[in-house]
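To keep things clear, I will list the structure first and then write my remarks on it.
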Amino acid sequence: MQVPLQAVGWVVAVAALAVGTAIRLWLLYHLPFTSDEAVVGLMARRISHGQMFTFYWGQSYGGVEPYLLVVWSAVVGSGPVALNALPVVLSAVAAVLAGRITLRMVDPSFRFVAWAVAAALWVWPDVVAYNSARELGFRGVTVVAGLAAVLLAMRVRTRPTIPDAVGLGLALGIGWWSSPEIVYFAVPVAVIVVIRRIGLTRWLVIAASGLIGALPWLATNLATGFASLRESSSPEYVHRTYGGRLSVFAHDAFPMMLGLRLPLSGAWLWGRAGQALYVLAVIVIVAAVAYGWFGRSSADLVVPVRALAWGVLVFPFIFAAFPATSFWQQGQYGVFIVPLVAALVTAALTTGLFRVGVPSWVTPALIVVLVTAIGASSFDRAWLGGHRSFTSGWHGLPVAMQEAVAGVRASGVRFAYAQYWVAYDLDYLDRRLVVADPYTDRWVGQYQEVRRSADPAWIFYAPDQHALGATTFSSGADGPYGYPEALFLSKLAALDDPYRVVHAGVLDVVFPLRNVTQEQVGIPSAYWP
C-alpha cells in the first residue's frame, strides 16, 4: 500500500510542474512587450558585435544577463518570446537549486522533498512567474547565483574541496555584479561557512574567485568613483522612511511573495480568507524560523536550516534598506525571499511532522497541492480576470504593435525620436530603425546617432488611437517629453517648418521639412549633452 500512496505525491508534483509550465507559456505569449525588455535585447546585439557593457543601459547596477542572452539567442533565435524565455529558464534552474538546498536540510532518504520544492516554486507564487517571463537584465541571474552560492556553501561545509570553493566565490562575485540584492543570500552563506573552519587556503580561494566574478563591477566602479554605491543606484520611486518600507514589506510585498496578493493591483486573493491565510502562513514561517534556531538534529542538518532561518529573519530589514522597494506593485524587489521561505518551511515541516508519524512525502505533497491552488487561482484572477480565455490570443506580440512596426517601416524613416516606451520597442523589432528618446534616452551612442542625422522624424500616438497606443506600448505618454502630436505640430507651425504625417496604425510619423532640434520645440536634454 505504501508504494501507491507515494506515487500520489509524484503525481501531485508532476501536475504542479505542468500547471506552472502552462502559466509561464501563457505569460510569455500574452504579456506586453516593453522597452525595458527590448533594451536587454539591444544590449545583447551590440555585445555580439564586440561592444562591452557592465550594467543595464543608463544605470550603475544590473548586469550579466545580456551576456547570457547572446548565447541564448544564438541557440533559440531572437524575438520577444525568445528574449523573455531566458528568465523563464533561469527560474527553472532556481527552482531546481532550491530543491537541492532543501534536500541538504532533511534526512537523505527524503528525496521527494527536493522535487516538491522545485514543483512548488515553479507553480507559485504568481508574482515570481510574472517576473520570470520578463527579461529585465539581471534578477534571474541574481537569484540563480544566490541559490548556487547557498548550495555550494553547504557543500563546502561538509567537504571543503577547491572546486566547490571556487564555485562559491564565483557565484557570489557574479551575483554582486548582477545586483547588490545578492546580499539576501550572503547572509545564509555567511552563517554556513563561518561556522565551519575550512582553512585559510579555502578562504583565499573563495575571496580570489569572488573578485574574479565581480571584476567587471570593480573595473567600472574604479573608473566612475564607485557610482554603484551611491543612492542613485537604487532609485527612490516613492518616498518612504526605513520604517515605512518595513511596513510595505509586511503589508504589501510579503503577502504578494506568498501568492496572497495579486501583482500590479495588489488585491487580496480570496478576500478576507486570503488575509486570514496570510496570518496563518506567517505563524508557520515563524515556527519554521524557530525550528531553525532550536530544533535538534545532526549538525550536518541543523546548520543549513539555521542559516536559512537567519536569511528569512533578516530579509525584511535588508529589503527596507533599498529605497526602490517602496515600489512594490510589480513585486520584483521581493522575489528573493520566496525560495528561502519555501526551502525552510518545507524542510522544517517535513522533518517535524515525520517525527510524529507522518510519512516523509505527505507534508511536501500537501504543500504542493496548497501552493498550486494559490498559484492557479492567482493567475486566473490577475491575468484571465474571469473573462479571458486561456486558449485565445497566443500571438506573442500585439497585433497593434505588429501593424505599427510595419507602418513605421513602410514610411521609410531611418532615424527618429519617440518616447521611451515606443523607441526601444521599435529599435528591437526593426533592426533598420534607430529611434531615441530625446529626454530620457538610455544609450548615449544611439541618442547621438539620431541627433546627428540629417532628417530625423518624430513619432507620436495617432490622436484618435491614444487609448490603444497606451495599451500596446504600456505608456500613456503620447510622444517625446509627453508631447501630444498636436502640440508638436503647433511648435513646427511657430517655426514656419512645413511637415508631412504618415499614419502607421496607432502611431503617426511626423517628417518636418527642415531638421528640428529638441531645444527648438522646448524639450530639454535631461542626461546627454
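The values are calculated or read from the model by the stated rules, or taken from the named source; none is laboratory data. Fair warning: this is a prediction, and the values are worked out from it, not measured in the lab. Counting neighbours? That spans all protein chains shown, and the Cβs are built from the backbone with ideal geometry, glycine included. Calculation scope for accessible area: heavy atoms of the full protein, side chains included, ligands and nucleic acids excluded. Shrake-Rupley method; radii C 1.70, N 1.55, O 1.52, S 1.80 Å.
Annotations
- On inspection, Leu121 qualifies as part of a helix (DSSP H, G or I) and crowded, with 22+ Cβ neighbours inside 10 Å.
- Flag if Ala348 is part of a helix (DSSP H, G or I), crowded, with 19+ Cβ neighbours inside 10 Å, hydrophobic (A, V, I, L, M, F, W, C) and at pLDDT below 95: yes
- Residue check for Ala276: open to solvent by less than 30 Å² (accessible area, probe 1.4 Å) and either touching a Gly at 6+ places or on another chain (Cβ under 6 Å) or in a helix (DSSP H, G or I) (or both): no
- Region 415-505 holds helices (runs of 4 or more DSSP H) entirely within its bounds, and those carrying 1 or more residues that are open to solvent by 50 Å² or more (accessible area, probe 1.4 Å) and charged (D, E, K, R) map to 444-452, 485-494.
- Pick from region 386-403, criterion surrounded by 15 or more Cβ atoms within 10 Å (Cβ to Cβ) and not hydrophobic (A, V, I, L, M, F, W, C), ranking: modelled with the lowest pLDDT: Gly396
- A count restricted to region 92-117 and to residues that are over 20 Å from Tyr291 (Cβ atoms) and out of contact with any Leu (no Cβ under 8 Å at 6 or more places or on another chain) stands at 4.
- Residue match in region 189-197 (condition: touching a residue at least 24 places away in the same chain (Cβ under 8 Å), in a loop (DSSP other than H, G, I, E, B), under 23 Å from the mean Cα position of the chain (by Cα) and crowded, with 19+ Cβ neighbours inside 10 Å): no
- Residue match in region 368-384 (condition: in contact with a His (Cβ under 9 Å, 6 or more places away or on another chain), within 30 Å of Ala118 (Cα to Cα), part of a helix (DSSP H, G or I) and at pLDDT below 95): yes
- Hey, Ala406 surrounded by fewer than 17 Cβ atoms within 10 Å (Cβ to Cβ) and either at pLDDT below 95 or not β-branched (Val, Ile, Thr) (or both) or not: yes
- The helices (runs of 4 or more DSSP H) found wholly in region 13-104 and carrying at least 2 residues that are over 16 Å from Trp443 (Cα atoms) and open to solvent by less than 40 Å² (accessible area, probe 1.4 Å) occupy 65-76, 80-103.
Quick grid of which residues meet (1) over 23 Å from Gly20 (Cβ atoms); (2) crowded, with 22+ Cβ neighbours inside 10 Å; (3) among the β-branched types (Val, Ile, Thr):
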| position | (1), (2), (3) |
| --- | --- |
| Gly292 | yes, yes, no |
| Val314 | yes, no, yes |
| Phe354 | yes, no, no |
| Pro364 | no, yes, no |
| Leu384 | no, no, no |
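- All of Leu340, Leu308, Leu353 fail the test of being out of contact with any Gly (no Cβ under 8 Å at 6 or more places or on another chain) and not in a loop (DSSP other than H, G, I, E, B), apart from Leu353.
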